[in-house]
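Asker: This is the structure, below, for whatever I ask next.
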């Protein structure tokens with residue numbers, strides 16, 4: 001059967017008309033592909049979501065991306081910063097309160113905007129608006145934070161990229177690289193506060209029903225030498241649940257860390273009486289006596305610790321005794 005070409009043309013036209021009306025519903029490959037980079041710092045997480053435009057032989061800085069604010073004929077029609085990517089807002093999320101180049105910023109998700117400058121520092125904006133398409137509806141009143149950074153000369157980067165580098169236990173640097181320029185800012189968390197706050201919450205749950213959890217939390221306070229009063233309370237709770245040489249000894253060290261040498265000495269001495277078969281309580285008591293200049297008593301307790309200690313501790317204790325005797 002021969003099909004009338006006019007019918008085919010009519011069908012094609014209808015398809016294209018329908019497609020034009022519904023194209024916003026289709027998932028198609030993007031020119032600027034979506035990307036995400038994230039990093040955990042301690043208990044905290046940083047995530048950057050962005051689109052990656054390419055250089056494609058174009059002049060980027062001062063041309064495709066103008067210096068300063070750009071004129072805007074859409075949305076609010078005000079001058080706007082660069083969206084620091086392509087398509088939807090580039091966003092950056094922080095799971096906990098953070099410092100950006102030593103400036104405070106609350107936890108949350110922020111739209112990232114940039115004002116490039118030809119002969120000056122660049123401005124990075126963390127906006128409370130985080131769901132817009134582009135910067136067309138940007139309003140300065142919604143800025144959560146602005147910082148200034150120096151642009152750097154970088155190796156050629158064809159596709160815009162965010163990276164997280166120079167990672168430490170409580171900080172990192174977030175880099176934006178495109179074409180032959182890069183900018184970065186430092187992100188740091190008060191990791192000790194975050195961990196301590198987390199421990200407080202965890203101890204309200206099932207973990208709070210065993211002495212080990214309270215003891216572990218108290219030991220963390222001693223380790224970082226912060227929140228010592230909280231650590232003391234946690235240690236006392238551990239003792240209340242199950243008194244043993246471990247948590248009683250920890251109590252002595254917490255008192256010592258708070259500068260309460262008198263009560264610490266009493267605690268360590270009491271532990272040698274409560275747990276006379278535990279080598280570690282004698283070792284700890286001897287250590288504190290030594291630091292307080294009570295040489296003879298220190299040697300006596302180190303010797304007791306030596307007699308009770310496992311083989312892997314004897315050489316260490318012997319070396320301490322020898323050192324005290326020669327000084």
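Asker: Output the residues belonging to region 131-153 that are surrounded by 15 or more Cβ atoms within 10 Å (Cβ to Cβ) and part of a strand (DSSP E or B).
Answerer: 143, 144, 145, 146, 147, 149
Asker: Looking only at region 229-239, decide whether some residue is under 18 Å from residue 43 (Cα atoms), touching a residue at least 12 places away in the same chain (Cβ under 8 Å), surrounded by 19 or more Cβ atoms within 10 Å (Cβ to Cβ) and not assigned by TED's automatic domain parsing to the domain that holds residue 41. I'd like the intermediate steps shown before the answer.
Answerer: From region 229-239, those under 18 Å from residue 43 (Cα atoms) are none; that's our starting set.
Within region 229-239, not a single residue is under 18 Å from residue 43 (Cα atoms), touching a residue at least 12 places away in the same chain (Cβ under 8 Å), surrounded by 19 or more Cβ atoms within 10 Å (Cβ to Cβ) and not assigned by TED's automatic domain parsing to the domain that holds residue 41.
Asker: Give me a count of the residues in region 287-303 that are without any contact (Cβ under 8 Å) to a residue 24 or more places away in the chain and in a helix (DSSP H, G or I).
Answerer: The total comes to 7.
Asker: Restricting to region 178-211, count the residues that are crowded, with 16+ Cβ neighbours inside 10 Å, free of Cβ contacts under 8 Å to residues at least 60 places away in the same chain and not in a helix (DSSP H, G or I).
Answerer: Selection size over region 178-211: 3.
Asker: Follow-up. Do we have residue 243 as within 19 Å of residue 211 (Cβ to Cβ), out of contact with any strand residue (DSSP E or B) (no Cβ under 8 Å at 6 or more places or on another chain), assigned by TED's automatic domain parsing to the domain that holds residue 207 and not in a helix (DSSP H, G or I) here?
Answerer: yes
Asker: So residue 131 fits all but one of (1) at pLDDT 95 or above; (2) under 30 Å from residue 194 (Cα atoms); what number is the exception?
Answerer: Residue 131 satisfies every listed condition except (1).
Asker: Residue check, residue 78 against (1) outside any strand (DSSP E or B); (2) farther than 18 Å from residue 160 by Cβ; (3) without any contact (Cβ under 8 Å) to a residue 60 or more places away in the chain, all met but one. Which one?
Answerer: (3)
Asker: When you scan region 81-110, how many residues do you find that are within 15 Å of residue 137 (Cα to Cα) and without any contact (Cβ under 8 Å) to a residue 24 or more places away in the chain?
Answerer: Going through region 81-110 one residue at a time, the tally reaches 0.
Asker: Among the residues of region 24-47, is any outside any strand (DSSP E or B), modelled with pLDDT of 95 or more, in the same structural domain as residue 161 (by TED's automatic domain parsing) and closer than 30 Å to residue 170 by Cβ?
Answerer: Within region 24-47, one or more residues are outside any strand (DSSP E or B), modelled with pLDDT of 95 or more, in the same structural domain as residue 161 (by TED's automatic domain parsing) and closer than 30 Å to residue 170 by Cβ.
Asker: Against the condition under 19 Å from residue 50 (Cα atoms) and in contact (Cβ under 8 Å) with a residue 24 or more places away in the chain, how does residue 175 come out, does it pass?
Answerer: Against the criterion (under 19 Å from residue 50 (Cα atoms) and in contact (Cβ under 8 Å) with a residue 24 or more places away in the chain), residue 175 does not qualify.
Asker: Identify the residue in region 275-285 that is farther than 16 Å from residue 255 by Cα and in contact with a helix residue (DSSP H, G or I) (Cβ under 7 Å, 6 or more places away or on another chain) and, among all such residues, is surrounded by the fewest Cβ atoms within 10 Å (Cβ to Cβ).
Answerer: 277
The values are calculated or read from the model by the stated rules, or taken from the named source; none is laboratory data. Since the structure is predicted, the reported quantities are computational estimates derived from the model, not experimental observations. A quick note on method: Cβ atoms are made from the backbone with ideal geometry, for glycine too, and the neighbour counts reach across all protein chains shown.
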